Amino acid sequence: MAPDADAFALQRDKARAMFAYNPTSLAGHAVGALVVLLVFRDLAPAALRWNWGLAMALLIALRSVLAWHVARHEAATPDALARQLRVWIAGTLVTAALWGWAAWSFLPHGGGLQQIALILVVYTFCVACIPILAPQFALYLAFSGLVYLPAIARVALLEGALGVQTAFVMAVAMAMTLVLGRNYRGAFERASRLHWQAEALAGQLRAEKAVAEAARREAEVANRAKTQFFAAASHDLRQPLHAMGLFAEALRQRSQRDPEAARLVNSINASVDALEGLFTELLDITRIESGGVDVKPADFAVGDIFRRLRLHFEPAAFDKGLALRFRGSQHRAHADPLIVERMLRNLLANAIRYSTDGGVLVACRRRADGSLRLQVWDTGPGIAAAEQAHVFEEFYQVPGSAVPTAEQKKGLGLGLAIVRRLAALIGGSVELRSVPGRGSVFGFGLPPAQAAAPPESARVPGPLAPGVTLAGRRIVVVEDDAAVRAGLEVLLQGWGAQVQSADSFTAAVRTADAPGARSAPPDLLIVDYRLEAGHSGVDAIRALRTAYGASVPAIVVTGSTMTGLDAEAEREGFHLMIKPVVPAKLRAMIGFKLGLRAAGG
């Protein structure tokens, strides 16, 4: 590939990556603007709120038109691409300037909690825009500066010496975010170069059969590099959100006497929860579109998938008072078990999210032609017939007649789109039946297993009741990130637990070997997956259980969705949670592990 073609291909890949996030980023800006206007609705002058709100609404509308045009007319020449980028960059910078204006103008009109909420909103945009803008690093620097520097300056001017100290902490956080963006840019460029180099090699295969095997190896290297890049990016982006959620929940514990403060902190927690789902959905869509999902059909036991689903979703279902049931675990199918499990996870997550009472049933049954049918039944609000044709489209959410709960408002409508695409990968389709007011059932077919079934595996243990009371409970935390570790300590102590923390695998083992430690084993272990010097959270659990006893329950927290830990979690007897872990889910999981019930429950 010629140098000019190389440069254009790299620039085109960067532009595609940025333009692909247009619907998501514009929706995020709209939600953020509504949050700011609601938080300051009785505090900031009406003229300021109206002027800023109208300016943001007009800009989002104009950028939506541009996004629609770009999605339908991809640039074929460098000049056309440069024109599209100039208009898109101008809109991005104006958006950043509006957020900087908000930080500068609204901060003086709010109290401490309102200021914290606004700062968290603008900082969240600085973190969330990394996948979108970091490939154009100069643009990312300009965006972050326009969004965050006015907030730093305003805080420094408002609060005297305390304000200067706070502004310094904010500046350090911004510097860390910029470093993360620079690293992201480098990883993206390497992955893009490998991608179009692999495409070039694939083209040469048609003319040079002698180098076919070498080209295939190069393509595999490029695909692995892209998968590793997305895994690393997901982990790095989840880490600050995980710490933010822990600190926000700790703040809520200290502000329960102030209803307004509690409402603001609950909004922050809800936003972190929504971003968690957003990262997972965007990562799945990206992997499918980039060809990063390999289909590997094999015989598997449906019961094995059901056991993992039960371990993952039981705490959430019981926390909402839903009955979670599985039927037909004795069947065996022939398909890619990882893809089938991912489809069921998305369908089951939707069913629990939209059901407020009753229960959820996951069933497998054999049809008259010998094929299998996997179905997820729920007792949610149902979907009208006119909407059923659209629910599998990207970014589409059913406009319900009833007022949706805060949990039901989360997400961007990607879960069912992912299910549809995964079904296409295994040569199937997803069917939907629903009755408004009574619930829905989603199903898809699978061929039966091609070989005889092995001996039946052990039955799934019965569920434990979730709870929240941790008074008198001792919990060991192993986490090498100082911010996350501090957030966990404050949060767990606020729930009444006694916390013993370690910042490394070595420190955890040393603490367990201290005189008298083994005579008072902990009630629970909460361990990060990635620890120092190549150690993992699983290594820490094994070492601590050797010291305290094999029956100590454990939770492993990780920022990566590609670690393949589900099988190890079942084998080693721990539960897995993906960062950012929303405090409400962590509380439900702890209660589930310890067999506790909520106060008064």
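Read the figures in this text as sums done on the coordinates, not as results from a lab. What you see is a predicted model; the values in this text were computed from it and never measured. Every residue, glycine as well, gets a Cβ built from its backbone with ideal geometry; the counts of neighbours run over all protein chains shown.
Apply the Karplus parameterisation 6.51 cos²θ - 1.76 cosθ + 1.60, with θ equal to phi minus 60°, to every residue of segment 323-335 and state each ³J(HN,Hα) to the nearest whole Hz, in sequence, with x for glycine and proline.
With coefficients 6.51, -1.76 and 1.60, one gets 8, 9, 10, 10, 9, x, 5, 6, 7, 10, 10, 10, 5 Hz.
Residues with beta-carbon under 15 Å from that of ALA323, excluding ALA323: net charge, scoring Lys, Arg +1 and Asp, Glu -1?
On the way: positive: ARG310, LYS320, ARG325, ARG327; negative: GLU314, ASP319, ASP357, ASP378.
Surrounding charge for ALA323 is 0.
Does segment 47-110 come out rounded, prolate or oblate by the C-alpha gyration tensor, with a ≥ b ≥ c the root eigenvalues, rounded set by a/c under 1.5 and, if not, prolate when a/b is larger than b/c and oblate if not?
On the way: a/c = 5.01, a/b = 2.55, b/c = 1.96.
In terms of gyration-tensor shape, prolate.
Enumerate the amide H contacts of THR356 below 5 Å, restricted to partners 5 or more residues apart or on another chain; note that Pro and chain-start residues carry no placed amide H.
Those lying under 5 Å, H to H, from THR356: there are none.
ARG16 to ALA547: extension gain in nm, 0.36 nm per residue of separation minus the Cα-Cα distance? Please report the intermediate quantities before stating the final value.
On the way: separation 531, 0.36 × 531 = 191.16 nm, distance 5.22 nm.
Extra length available between ARG16 and ALA547 comes to 185.9 nm.
Using the per-residue mean of other Cβ atoms lying within 10 Å as a proxy for protection, in what order, highest first, do the peptides 337-347, 534-544 fall?
Result, highest mean Cβ count within 10 Å first: 337-347, 534-544.
If I model a spin label at LEU162 and LEU425 as a point 7 Å from the Cα along the Cα→Cβ vector, what separation in nanometres do I get?
5.2 nm
Whole angstrom only: what separates the Cα centroid of segment 495-545 from the Cα centroid of segment 569-596?
16 Å
Taking H placed 1.01 Å from N in the peptide plane, check which residues at least 5 places from GLY328 or on another chain put their amide H under 5 Å from its amide H.
CYS364
How far is it, in nm, from the label point at ALA567 to the one at ARG433 when both lie 7 Å from their Cα along the line to the Cβ?
About 3.6 nm separates the two model spin labels.
For ALA175 and ALA323, what is the calculated FRET efficiency with R₀ set at 56 Å and r taken between the beta-carbons, to the nearest 0.05?
Approximately 0.65, to the nearest 0.05.
Please compute the net charge surrounding ILE555, taking Lys and Arg as +1 and Asp and Glu as -1 over other residues with Cβ under 13 Å from its Cβ.
Here the count lands on 0.
Sticking with the crude label model, points 7 Å out along Cα→Cβ, report the distance from ASP79 to ALA514 in nm, one decimal please.
My value for the distance between the label points is 7.2 nm.
How large is ³J(HN,Hα) for each residue in segment 357-374, as worked out from phi by the Karplus curve 6.51 cos²θ - 1.76 cosθ + 1.60 (θ = phi - 60°), to whole Hz, x for Gly and Pro?
Coupling constants for segment 357-374: 8, x, x, 10, 10, 10, 10, 10, 9, 8, 8, 4, 7, x, 6, 9, 10, 9 Hz.
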